[in-house]
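**Q** Submitted below is the structure of interest, expressed as structure tokens.
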Amino acid sequence: MQTTYFELLGEENIRMLVDRFYDLVFEHEQIAHLFKTDKEEIKEKQRLFLTQFLGGPPLYSEKHGHPQLRARHMPHVITEDDAVAWLSCMAKALGTLPIDETLKDALFKRFVPTAMFMVNSGENTP
Ligand code: HEM
């Protein structure tokens, strides 16, 4: 069987990634205003989601049902600039992890299409 990103990264790094990522998001001038719920709550949801997104056990689905990520983002107006800001926070957070640069790059590439798919407002809306 193929090794998953979840296995390569490990639970501790996922926890660190999510922690650092939302600390950056909640401070980001472009997208902070979109996040209105508790920071710890969204961190926990994202930890469960990324575990499954990266090939680990389906923790998010077990607790919250099918991710339907685009639908879940629809209540929020998300532009291409917002997606770029989200990705820049992710790149920074990945940059702080004690893992190979090649793994950081591979993970970042995994996030790009998903972030672009969340865009639901503006000229280039899918
Ligand atoms: C493109 C830029 C994105 C923006 C601006 C954005 C924004 C948001 C916002 C505002 C929420 C609600 C937070 C709250 O409850 O306060 C949310 C939830 C969430 N986002 Fe994103 N998001 C983006 C991309 C992504 C991507 C790429 C992923 C996954 C790789 C993701 C995964 C999630 C998850 C798992 C939740 C929790 C859903 C739930 O159970 O309610 N988001 N996002």
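The values are calculated or read from the model by the stated rules, or taken from the named source; none is laboratory data. What you see is a predicted model, and the numbers here were worked out from it, not measured in a lab. Neighbour counts are summed over all protein chains in view; Cβ atoms, including those assigned to glycine, are modelled from backbone coordinates with ideal geometry. Heavy atoms of the whole protein, side chains included, go into the accessibility calculation; ligands, DNA and RNA do not. Shrake-Rupley method; radii C 1.70, N 1.55, O 1.52, S 1.80 Å.
**Q** What relative contact order, as a whole-number percentage, does the stretch 5-117 give when Cα pairs under 8 Å and 6 or more residues apart are counted?
**A** Across the stretch 5-117, relative contact order equals 32 percent.
**Q** While we're here: Could you give the accessible area per residue of the chain, probe 1.4 Å, as a whole number in Å²?
**A** 60 Å²
**Q** Turning to a different aspect of this structure: Can you pull the percent of Cα pairs in the stretch 5-117 with separation above 23 Å?
**A** For the stretch 5-117, the fraction of Cα-Cα distances above 23 Å is 23 percent.
**Q** Here's something else I'd like to know. Keeping the other protein chains in place, figure out the carbon and sulfur percent of the accessible area of the stretch 5-117, with a 1.4 Å probe.
**A** Carbon and sulfur: 56 percent of the exposed surface of the stretch 5-117.
**Q** Can you give me the angle between helix 11-25 and the longest principal axis of the chain, using Cα atoms only, in degrees from 0 to 90, rounded to the nearest 10?
**A** Rounded to the nearest ten degrees, it is 20.
**Q** Straight distance only, please: which lysines reach the Cα of K92 with their own Cα at less than 21 Å, same-chain residues fewer than 8 apart left out?
**A** K39, K43, K45, K104, K109
**Q** Now for a different question. Straight-line reach only, C-alpha to C-alpha below 16 angstrom: list the aspartates and glutamates that K36 could link to, leaving out same-chain residues fewer than 8 apart.
**A** D23, E27, E44, D82
**Q** Give me the number: length gained by fully extending K92 to A106, i.e. 0.36 nm times residue separation minus the C-alpha to C-alpha distance, one decimal in nm.
**A** Going from the current span to full extension adds 3.6 nm.
**Q** Okay, next question. Relative to the Cα centre, what is the charge dipole magnitude of the stretch 5-117, using +1 at the beta carbon of each Lys and Arg, -1 at the beta carbon of each Asp and Glu, and rounding to the nearest 20 debye?
**A** 300 debye
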